[in-house]
Amino acid sequence: MQSTAEFYCAFCGEPNTTFVDLSAGSHQSYIEDCQVCCRPNQLFVNVDEDTLDIDIASDYQG
């Protein structure tokens, strides 16, 4: 099952929407390029297993 969530680019600060695969576990980490500046962001995704709320933090990936 997939859901969408928003993160802010660690480089330009612009909001981005990403798909999160809920079946991949409650703690995920992957790289996704910013939709605005195209720079790679390392995303740290946490999914609440009870409510399926998604929390995403982004970090510089150089």
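The values are calculated or read from the model by the stated rules, or taken from the named source; none is laboratory data. From a predicted model like this one, the values you see are computed outputs, not experimental measurements. Cβ atoms come from the backbone with ideal geometry, glycine included; neighbour counts cover every protein chain shown. Heavy atoms of the whole protein, side chains included, go into the accessibility calculation; ligands, DNA and RNA do not. Shrake-Rupley method; radii C 1.70, N 1.55, O 1.52, S 1.80 Å.
Taking θ as phi - 60° and the Karplus parameters 6.51, -1.76 and 1.60, the scalar couplings of the stretch 3-20 work out to 9, 9, 8, 10, 9, 9, 4, 6, 9, 9, x, 6, x, 9, 10, 9, 8, 10 Hz in sequence order, x denoting glycine and proline. The charge dipole of the chain, taken about its Cα centre with unit charges on the Cβ atoms of Lys, Arg (+1), Asp and Glu (-1) only, comes to about 300 debye. Applying the Kirkwood pairwise sum to the alpha-carbon positions of the chain produces a hydrodynamic radius of 11.7 angstrom.
Heavy-atom accessible surface of the chain, averaged per residue, reaches 64 Å², computed with a 1.4 Å probe. Cut-off 19 Å, label point 7 angstrom out along Cα-to-Cβ of THR17: give me the residues of the stretch 30-53 whose amide nitrogen falls inside. Label zone hits: 32-38, 53. Close amide-amide hydrogen proximity is noted between CYS9 and GLU14, ASN16, each under 5 Å apart and 5 or more residues distant or on a separate chain (H modeled in the peptide plane; Pro and chain starts excluded).
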